[in-house]
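Structure below; questions to follow.
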Amino acid sequence: MSRSERLLELLQSLRRHRLPVSGATLAHDLGISIRTLYRDIASLQAQGAMIEGEPGIGYVLRPGFMLPPLMFSDDEIEALVLGSRWVSKRADRQLSAAASNALAKIASVLPDDLRNNMDNNALFVGPHDTTALEHIDLKLARQAIRTGCKLVIAYSDQNGVESHRTIWPFAIGFFETSRVLVAWCELRGDFRHFRTDRISSLSLLDLRYPRSKQALLKEWRKTQLASST
């Protein structure tokens, strides 16, 4: 295990303990000596981790510490690269650009060895059928989901019949050849799945829907589970 991976494991171990945990327990969990543990804790504290405690008392990681990119393991780097490549090829234009930008930011602060692993990553996203293009700005749909606001859409069904709906969007599904906006539809009084390439117009209302998106997502998942049994 590299030193960066060991520091990551130490942080993860501290996060699992809400109460102070002894240095001996941490050292045993990581398979390292108590002296190495003390050095690793000092290194993390120097990087900004709010680890409180001292030998003989125990240690606790206070909330709010953001994991620096240099703490990613090799497997996590590969997952990030593969995920970013998938988003770049499958998501809408704004998310595609955001994925590339995020990867560049991570690469800029990685140690040389991990940056080389990222640059030489051998995991790729294969070819796929052309994704149906939408005529709307999906950024507005994502904004509505984040803020819990209603949308007004013009939607055409598979027969080309258009209707106007007020919906409560709470999720977007990205599939190989299409994207689907998942929402509660006020017109139907039920959950509906709207293919984004069939939405001809979309307007964001300055009006929050009355339920939380977490509650809607939970209820929708139950309906999906029931329909699959």
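The values are calculated or read from the model by the stated rules, or taken from the named source; none is laboratory data. No experiment lies behind these values; they were computed from the predicted model shown. Please note: Cβ atoms are built from the backbone with ideal geometry, for glycine as well, and neighbour counts cover all protein chains shown. Side chains are part of the model used for accessible areas, which takes the heavy atoms of the whole protein and leaves out ligands, DNA and RNA. Shrake-Rupley method; radii C 1.70, N 1.55, O 1.52, S 1.80 Å.
Points 7 angstrom from Cα along the Cβ direction at Arg3 and Ser203: gap in nanometres?
Inter-label distance under the simple model: 6.0 nm.
Sticking with this one: Could you calculate the contour length gain from Thr147 to Ser212, that is, 0.36 nm times the residue separation minus the distance between their Cα atoms, to one decimal place in nm?
Stretched fully, the Thr147-Ser212 segment lengthens by 22.4 nm.
If I build a Gaussian network model for the chain, linking alpha-carbon pairs within less than 10 angstrom, which residue out of Val180, Val152, Val161 has the largest mean-square fluctuation?
Comparing Val180, Val152, Val161 in the GNM, the peak value goes to Val161.
How large is ³J(HN,Hα) for each residue in the range 13-27, as worked out from phi by the Karplus curve 6.51 cos²θ - 1.76 cosθ + 1.60 (θ = phi - 60°), to whole Hz, x for Gly and Pro?
5, 5, 5, 6, 10, 7, 9, x, 10, 5, x, 4, 5, 4, 4
Next question. Ignoring everything but the protein chains, give the 1.4 Å probe accessible area of Arg188 in square angstrom, nearest 10.
130 Å²
Same structure, new question: Under a Cβ-Cβ cut-off of 14 Å, what is the net charge of the residues other than Arg18 that fall near it, where Lys and Arg count +1 and Asp and Glu count -1?
+2
What number, rounded to the nearest 500 deg cm²/dmol, is the helix-based mean residue ellipticity at 222 nm of the chain, given -39500 (n - 2.57) per DSSP H run of at least four residues and division by all its residues?
Value at 222 nm, helices only, nearest 500: -14000 deg cm²/dmol.
If you only keep lysine pairs separated by 8 or more in sequence, or across chains, how many in the range 85-229 come under 25 Å at the Cα atoms?
10
Mind grabbing the base-10 log of I(q)/I(0) for the range 94-229 at q = 0.15, 0.20, 0.21 Å⁻¹? Debye formula, identical points on the C-alpha positions, no solvent, two decimal places.
-0.84, -1.17, -1.24
Could I ask something else about it? Residue by residue through the range 179-192, which ³J(HN,Hα) values in whole Hz follow from phi under the Karplus form 6.51 cos²θ - 1.76 cosθ + 1.60 (θ = phi - 60°), with glycine and proline marked x?
My calculation for the range 179-192 gives 10, 10, 8, 9, 7, 8, 9, 5, 5, 8, x, 6, 6, 9 Hz in order.
Here is a follow-up. In the Gaussian network model of the chain, springs joining C-alpha atoms below 10 Å, which of Asn101, Asn120, Asn159 carries the largest mean-square fluctuation?
Maximum fluctuation in the GNM of the chain, among the listed residues, is at Asn159.
Just want the answer: with Cβ charges of +1 for Lys and Arg and -1 for Asp and Glu, which residue in Pro20, Leu204, Leu8 is farthest toward the dipole's positive end in the chain?
Going by the charge dipole, the pick is Leu204.
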